[in-house]
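S.K.: One structure follows; several queries about it will come next.
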Amino acid sequence: MTDQPTPAATTPRRVRVHHLAEAKERGEKLTMLTAYDYAVARIFDEAGIDLLLVGDSIGNTMLGHASPIPVTVDEMLPPTRAVVRAAKRALVVADLPFGSYEAGPEQALATAVRYLKEAGAHAVKFEGGVRVAAQVRALTDAGIPVVGHLGFTPQSENTLGGHRVQGRGDEAAERLAEDALALQEAGAVAVVLEMVPAPVAARVTEILHIPTIGIGAGAECDGQVLVWTDMAGMSDWSPRFAKQFAAVGALLGEAARSYAAEVRGGQFPDADHSFLS
Ligand SMILES: Nc1nc(=O)c2c([nH]1)NC[C@@H]1CN(c3ccc(C(=O)N[C@@H](CCC(=O)O)C(=O)O)cc3)CN21
Ligand SMILES: CC(C)C(=O)C(=O)O
Ligand SMILES: [Mg+2]
């Protein structure tokens, strides 16, 4: 279990929803990264990332908003389409943005149907527990796999009182477990746990048969997810729980500086990069 084999050795040619609980059963960690376009999704798919999340974090990471709250369904569909086109193996999950599912099962179903019909998403994700269980049930019954999202739910930052760890204290931990069980009962195929104390996430992971996917939720979750720009060193700001695995932003800046220097110095384009006749 510690020396995790390459995903291709243990998981299928194409990741399907039934593989998620099977991976948990076998003790194989699930890997998830956000992706918002074809170029990056292709790289992650080839790297063997199991799930690609078209997150509403596109709002702050790619569109320059302060949070995901302003993101619309119409803004989510083109990136979702692009990621789906890139994914040969990964399961593509796309976030339903703030305001597109809370009103009830009918609204959630109408939104999710667009994601499947117009963008080819394989599954959708939205935030909340007991309060959205009816939505999870309606989509599941309609044949749309749902991933839940509990703990710190960024779309509710205004009621949660900022970016704070959730599930601290016995009562809050108990409520989190109840929310997770409600999602599982309603048919969710996995649950993201964001900014939850590691022992609380471990307990939720233990009581569920569907996998938990943690972000700032400790090592005992069945899988992990990170925002790709944080993981790769491309973000203008990253949360503390996000480890930086490369300095892609610095590398890209270096490439741009070299390009500009060669253009200004007359070294680019040279004969190799010109049509001489
Ligand atoms: N780039 C990026 N990374 C993310 O992980 C992410 C997004 N964007 N956008 C959507 C949500 C919002 N998330 C957030 C946003 C802010 C904090 C934050 O301010 N954290 C502080 C305080 C943590 C604490 O209270 O202990 C930190 O310093 O990490 C954390 C997660 C996670 N998601
Ligand atoms: C942080 C992850 C789980 C997310 O919901 C997003 O990227 O929008
Ligand atoms: Mg999100």
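S.K.: Given the criteria closer than 21 Å to Thr229 by Cβ and buried (at least 24 other Cβ atoms within 10 Å of the Cβ), does His149 qualify?
M.R.: Judged against the criteria, His149 is a match.
S.K.: Inspect all residues belonging to the stretch 153-160 and state whether any of them is assigned by TED's automatic domain parsing to the domain that holds Asp222 and over 28 Å from Pro78 (Cβ atoms).
M.R.: Yes, that holds for at least one residue.
S.K.: I need every pair where a residue in the stretch 228-246 that is on the phi > 0 side of the Ramachandran plot has its Cβ under 8 Å from the Cβ of a residue that is outside any loop (DSSP other than H, G, I, E, B) and modelled with pLDDT of 95 or more, sequence separation at least 6 or different chains.
M.R.: Gly233/Val248; Gly233/Gly249; Gly233/Ala250
S.K.: Residue by residue through the stretch 129-172, note down the ones that are part of a strand (DSSP E or B) and out of contact with any Ser or Thr (no Cβ under 7 Å at 6 or more places or on another chain).
M.R.: Once the filter is applied, which keeps residues that are part of a strand (DSSP E or B) and out of contact with any Ser or Thr (no Cβ under 7 Å at 6 or more places or on another chain), the stretch 129-172 yields Val147, Gly148, His149, Leu150, Gly151.
S.K.: Which one of these does Ile43 not meet: (1) in contact (Cβ under 8 Å) with a residue 12 or more places away in the chain; (2) under 24 Å from Ser235 (Cβ atoms)?
M.R.: (1)
S.K.: Condition check: at pLDDT below 95 and within 25 Å of Leu52 (Cα to Cα). Does Gln155 satisfy that?
M.R.: Against the criterion (at pLDDT below 95 and within 25 Å of Leu52 (Cα to Cα)), Gln155 does not qualify.
S.K.: When the stretch 141-182 is examined, which residues are found to be in contact with a helix residue (DSSP H, G or I) (Cβ under 6 Å, 6 or more places away or on another chain) and within 16 Å of ligand 3 (Cβ to nearest atom)?
M.R.: Val146, Gly148, Leu150
S.K.: Looking at the structure I just gave you, is Val196 touching a helix residue (DSSP H, G or I) at 6+ places or on another chain (Cβ under 9 Å), within 21 Å of Glu106 (Cβ to Cβ) and of a type in the set (Val, Ile, Thr)?
M.R.: The answer is no for Val196.
S.K.: Among the residues of the stretch 47-61, which ones are in contact (Cβ under 8 Å) with a residue 24 or more places away in the chain, more than 16 Å from ligand 3 (Cβ to nearest atom) and more than 14 Å from Val92 (Cβ to Cβ)?
M.R.: Passing the criteria: only Gly48.
The values are calculated or read from the model by the stated rules, or taken from the named source; none is laboratory data. Treat the numbers as computed from the prediction; the structure is a model and nothing was measured. Cβ sites come from the backbone with ideal geometry, for glycine too, and all protein chains shown count toward neighbours.
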